[in-house]
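Read through the structure below, which is laid out as structure tokens, and then see the notes.
All of the numbers you see were taken from the coordinates with simple rules; none came from a lab. Just so it is clear, the model here is predicted, and its values are computed rather than measured. Cβ placement follows ideal geometry from the backbone for every residue including glycine, while neighbour counts extend to all protein chains displayed.
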Amino acid sequence: MLSDITLGQFFPAKSLMHKADPRLKICLTIFSIVLIFAAGNFFSLGWAVLYIALAMALSKIPLKMYLRALKPILFLVAFTAVLNIFYGTGDPLFQWGILKITKNGLLNCLFVSIRIIVLILASSVLTFTTSPTQLTDAIERLLRPLSKLHVPVHDFAMMMTIALRFVPLLMEETDKIMSAQKARGADMESGGLVQRVKALIPVLIPLFVSAFRRAYDLATAMESRCYHGGEGRTKMKVLRFSSHDYCIIGSALLALAAFITLNMVFPPAIVR
Amino acid sequence: MAFIEIKDVRFSYAMEAGAEKEVLHGINLDIGQGAFVALLGHNGCGKSTMAKLLNGMLSPSSGQVLIDGLDAGLEENQLPVRRQVGLVLQNPDNQLVAGIVEEDVAFGPENLGVPPEEIRRRVDEALKAVDMYHYREHAPHKLSGGQKQRVAIAGVIAMETKCIVLDEPTAMLDPRGRQEVMETITRLNREKGITIVLITHYMDEAVQAGRVVVMDKGQVLMDGTPQHVFKQVERLKRHDLDVPQATELCYRLRAAGVALPDIPLSVEECVGMFRNLLR
């Protein structure tokens, strides 16, 4: 049951978004998040939403997947929405004791909710269309300039690769140990919180012991295969910008220009 | 000069309170290029220590391990020695580094600084050599034990090592996985001329090698062809070592007074012999 959890929610498909360079995708995700926060009125926000909707459409991933990604944050959206409704200024449309709802409050509520939802959708486009290994690779490449400042970028990337490799393995092992302890009469499902946490100790200790044993083996295997840090290391898969990556950059710049215009021409929507 | 020369090698592990425990008491072995050697012995007889001495993961306390003339015990020879001698470990899960099969196979050549196009070529070739090319984009944890072990072997082949040392590669596999790995090893030895040092405690696997070295209590007990070694059933039994099942059967039949012309090593040989006898 534990092994069913997928990592990084990668959703393999053949689409324009999958084919795009992962470095570009990371930059564009950050770019669109900035856009969403820089949007001052509904027109520019709408433009940013359209831009991200286009990316979602191009990813060829069913809308259902995106909706599922939104589920965990629905509470957060509802919470901020309610807060914003009651914090509006101006003439109340509706008043009940100290609570009042204004037109401005309603607009703010709508604006903030759209922001959060689109934010999640934008980052989902990245994680759905990029495999964890590609993501690690791209982060390593993007952060490489930092290694001049003696930041161990390669080592972090290697740690992430190994973590990604071993998480499913350790999950499977946790499952096995839990079954083994249950077979010996361990009770993990009843009792209060303290008792349940205590019941996890016989699972965690063997898990740690085995993780260390694995680490020792892995170190031997890596050294045997001539691993000696990032120095002088090459990569089989070299990230290269293709012509269609340049097209994406071009369209993103055009979108940015339109966004700035919209943001300046129309008045800000949120008034405090 | 042989490809691998082990000269009077002793090895001690440091114990608590400064004490030392010697596990290898003066080993002498020569292994030629292209040989297929099985190293047999009990747990704790020093087999795994031998494996780590061969690629410089450990340095002998005294004596020398020479790989193609290079002293494997010296720090500065570590990388050149590991380029020649690859190591495959027992647990297939613990030795794969990357989350995708082909990237794991690429790990070794990447460490050596091989250019990308050349890595691609080597990876494809190595995966084809172990018959795992179709799985190149799979995640290792979705593969069977035998398949994972073959990927680990491909990872060594991609480094173009001349020798592969396998430390009980089949101990954690089911019979089918064991057969897959054994077929892969024998094929690599035969077709690519890669020197194989197979450490095992399965007698049936040792029979497939060209030469069997039996170790006991940190020393070489016997050294010779499988025929030579396994026919000394009594001597092996005195040291609590097994013989292949077919050999055991015929040995007992002989002891019970059945006149057999020969002591076979494999089931096929055994069946052939009985067919001739009963005809």
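Net charge within 13 Å of residue A:127 by Cβ-Cβ distance, Lys/Arg positive one each and Asp/Glu negative one each, not counting residue A:127 itself?
Counting the neighbours of residue A:127, the net charge comes to +2.
Assuming R0 = 30 Å, can you tell me the calculated FRET efficiency for the pair residue A:182 and residue A:156, based on Cβ-Cβ distance, to the nearest 0.05?
Efficiency computed from Cβ-Cβ geometry: 0.20.
Just want the ordering: B:1, A:188, A:171, B:215, from fewest to most Cβ atoms lying within 10 Å of their own Cβ.
B:1, A:188, A:171, B:215
Using a cut-off of 13 Å between beta-carbons, work out the net charge of the residues near residue A:15 (Lys and Arg +1, Asp and Glu -1, residue A:15 not included).
Once positives and negatives cancel, what remains is +4.
Let me know the shape class of region A:34-180, please: from the alpha-carbon gyration tensor, a ≥ b ≥ c as square roots of the eigenvalues, rounded when a/c is under 1.5, otherwise prolate if a/b is greater than b/c, or oblate.
prolate
How far is helix B:175-192 tilted off the main Cα axis of chain B, in degrees rounded to 10, range 0 to 90?
70 degrees
Report, as an integer, the average count of C-beta atoms from other chains found within 10 Å of each Cβ along A:229-242.
Other-chain Cβ atoms within 10 Å of each residue's Cβ, averaged: 4.
When only Cα pairs under 8 Å and 6 or more residues apart are kept, what is the percent relative contact order across chain A?
After rounding, I find 30 percent.
Tally the DSSP beta bridges in the protein assembly as shown and give the antiparallel ones as a percent, rounded to 5.
60 percent
Would you mind classifying the protein assembly as shown by shape? Square roots of the alpha carbon gyration tensor eigenvalues, ordered a ≥ b ≥ c; an a/c under 1.5 is rounded, otherwise it is prolate if a/b is larger than b/c and oblate if not.
Prolate shape, in that a/c is at least 1.5 and a/b is the bigger ratio.
With loop defined by DSSP as not H, G, I, E or B, and exposure as at most 12 other Cβ atoms within 10 Å, which is the longest segment of chain A clear of exposed GluC sites (Glu not before Pro)?
So the longest stretch without any such site is A:1-188.
Sort B:219-226, A:25-32 by packing, meaning the average of other beta carbons within 10 Å per residue, with the highest value first.
Descending mean neighbour count gives A:25-32, B:219-226.
Where does each of B:55-64, B:149-158 land if you order them by average Cβ count within 10 Å, highest first?
Per-residue mean Cβ counts within 10 Å order the peptides as B:149-158, B:55-64.
Any idea what the relative contact order of region A:88-184 is, in percent, if you count C-alpha pairs under 8 Å spaced at least 6 apart?
Value for region A:88-184: 14 percent.
With runs of 4+ DSSP H residues as the only contributors, calculate the mean residue ellipticity of chain A at 222 nm using -39,500 (n - 2.57) per run, divided by the residue total and rounded to the nearest 500.
-23000 deg cm²/dmol
Enter the angle in degrees (range 0 to 90, nearest 10) between the Cα long axis of helix B:245-255 and the first principal axis of the Cα atoms of chain B, meaning the one along which they spread out most.
Taking the Cα atoms of chain B, the angle to B:245-255 is about 20 degrees.
With a cut-off of at most 12 other beta carbons within 10 Å, and DSSP calling the residue loop, which trypsin sites (Lys or Arg not before Pro) in region A:141-221 qualify? Please list them.
In loop regions of region A:141-221 (DSSP not H, G, I, E or B), the sparsely surrounded trypsin sites (Lys or Arg not before Pro) are A:184.
With the cut-off at 18 Å, tell me which of the pairs A:25/A:60; B:21/B:47; B:52/B:162 have Cα atoms farther apart than that.
Those over the limit do not exist; all pairs fall within it.
Any chance you could list the semi-axes, whole Å, largest first, of the equivalent ellipsoid that the Cα gyration tensor gives for chain A, using √(5λ)?
42, 31, 16
What is the angle, in °, between the Cα long axis of helix A:22-38 and the longest principal axis of the Cα atoms in chain A? Nearest 10 is fine, range 0 to 90.
40 degrees
Rounded to the nearest 0.05, what FRET efficiency do residue B:30 and residue A:216 give with R0 = 45 Å and r taken as the Cβ-Cβ distance? Could you check?
Efficiency at R0 = 45 Å is approximately 0.90.
Can you give the average number of partner chain beta-carbon atoms within 10 Å of each beta-carbon in peptide B:113-120, as a whole number?
Taking all residues of B:113-120 together, the mean is 3.
Sort A:187, A:175 so the one with the fewest other Cβ atoms within 10 Å of its own Cβ comes first.
Fewest-to-most ranking of A:187, A:175: A:187, A:175.
Mind ordering B:133-143, A:249-259 by average Cβ neighbours within 10 Å, highest first?
Per-residue mean Cβ counts within 10 Å order the peptides as B:133-143, A:249-259.
Within 10 Å of each Cβ of A:163-171, how many other protein chain Cβ atoms are there on average?
For peptide A:163-171, the averaged partner shielding equals 4.
With a/c under 1.5 counting as rounded, go ahead and sort chain B into rounded, prolate or oblate using the C-alpha gyration tensor (a ≥ b ≥ c being the square roots of the eigenvalues; past the cut-off, prolate if a/b is larger than b/c, else oblate).
The shape class here is oblate.
Once every DSSP H run of n ≥ 4 in chain B is given -39500 (n - 2.57) and the sum is divided by its residues, what mean residue ellipticity at 222 nm do you get, rounded to the nearest 500 deg cm²/dmol?
-11500 deg cm²/dmol
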